[in-house]
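Input: a single structure, listed below in structure tokens.
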Amino acid sequence: MVAGSIPVETIRPRRWQQQPGDRLILVPDASEWVRRIDEFERTLGEAQAEFIYNLPAFATPLYERHPEGPAGIPLEVAWHPVFWLPTKLAAPLPDESDGEWGYRVCRAFIEHGVYVAEDGTWVDVLAWLGMSLDHPADRARVQTWLAGNPDPLLDGLDWDTLNGLYPDTPETDHVAAQDAIMDYDEYEEAQWVLTTHSIVEMITSELEDIDEQAAAEKAPEVFDKVAPLVISTLAEAPEAIDGYGPIWDSIEPISAALREPGADTVELLGDLTSQVVALHDTYLSSLTRVLADEDAEHARSESGTALETIPDGP
């Protein structure tokens, strides 16, 4: 069988991390995003950390491909398309931000049917190349190649198109790069809205239906749950309230103040919450515009999530 000769739609899809209906661009649940990042990093191991890109607007971590291919990747996830990016997507272009690159990569996954949001599934790239991890001989072959040994098929891949999975369309690729530069900033702002909504929901659910004393006792615990999310997902967010500085800059002083004897813990947690809400409200129009740019049916086909399920605000 010629590698890459199998129609994409006939390949048994695989699922890792994503679930049916998960959109690839724009992530509604900050805590689930952090959980997936942790799982991805643990699976790959510390030696691969420098190649991993964790970008909050995208539902999957991304991976900058080594020049020689996905060397050192654990066998059980070696089928995943994120490790087999074609040359045009393999790494950020000169003067391209990480987010703009990630936008191009995820758009390519969607447009070429590599990720199907309706099912939350991915194309098995090894199956596309005519192999299967279910077959012992293929497992041994792939494992040997991942360890750095030669293989006539895998050493001869057409990395420009990964054997046709990403057709070579220079004009379209140029437009995609330009679109990423133009569009990503607004998608990043839209993601801040979804992230802040998720964080406020977490704070609210932790403190609802308890009395003032219980809330005061629980506020430091809630802060400790929320703080890592703020640091991980809002590191690029600007100042939300004049004079406060970026939100993540408030984490350390609020954390210290919460531990002071007699601290008003609910008020201190409220200081962080106020900044989160202000950021949400500032960029809500960006989320509205991003969703308005796509008609409802197109958005459902790409993201697997009907527009009406996107939250309006905290």
Go through the stretch 31-43 residue by residue and turn each phi into a ³J(HN,Hα) via Karplus (6.51, -1.76, 1.60, θ = phi - 60°); whole Hz please, and just put x for glycine and proline. 5, 5, 4, 5, 4, 5, 4, 4, 5, 4, 5, 5, 5
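Just want to confirm a number: the relative contact order over the chain, from Cα pairs under 8 angstrom separated by 6+ residues, in percent.
24 percent
Leaving ligands, DNA and RNA out of it, report the carbon-plus-sulfur percent of the accessible area of the stretch 24-180 at a 1.4 Å probe.
51 percent
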Return the sequence-ordered ³J(HN,Hα) values of the stretch 18-29 in whole Hz as given by the Karplus equation 6.51 cos²θ - 1.76 cosθ + 1.60 applied to θ = phi - 60°, using x for Gly and Pro. 6, 10, x, x, 6, 6, 8, 10, 5, 10, x, 10
How large is ³J(HN,Hα) for each residue in the stretch 107-117, as worked out from phi by the Karplus curve 6.51 cos²θ - 1.76 cosθ + 1.60 (θ = phi - 60°), to whole Hz, x for Gly and Pro? 4, 5, 4, 5, 5, 9, x, 6, 10, 10, 5
Could you report the stretch 78-166's accessible area per residue, 1.4 Å probe, as an integer in Å²? 37 Å²
ALA263 paired with LYS218, simple spin-label distance in nm, labels 7 Å along Cα-to-beta-carbon: 1.8 nm
Tell me, what does the Kirkwood hydrodynamic radius of the stretch 1-148 come to in angstroms if you use every pair of distinct C-alpha atoms? 15.9 Å
Percent carbon-and-sulfur accessible area, the stretch 184-244, ignoring ligands, DNA and RNA, probe 1.4 Å: 44 percent
For every helix of n ≥ 4 consecutive DSSP H residues, a contribution of -39,500 (n - 2.57) applies; sum these over the chain, divide by its total residues, and give [θ] at 222 nm rounded to the nearest 500 deg cm²/dmol. -15500 deg cm²/dmol
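So what is the accessible area of the stretch 173-263 per residue, in Å², with the probe set to 1.4 Å?
Ligands and nucleic acids excluded, the result is 52 Å² per residue.
The values are calculated or read from the model by the stated rules, or taken from the named source; none is laboratory data. Bear in mind that the values here come from a model prediction, so they are computed numbers and not experimental data. Neighbour counts are summed over all protein chains in view; Cβ atoms, including those assigned to glycine, are modelled from backbone coordinates with ideal geometry. Side chains are part of the model used for accessible areas, which takes the heavy atoms of the whole protein and leaves out ligands, DNA and RNA. Shrake-Rupley method; radii C 1.70, N 1.55, O 1.52, S 1.80 Å.
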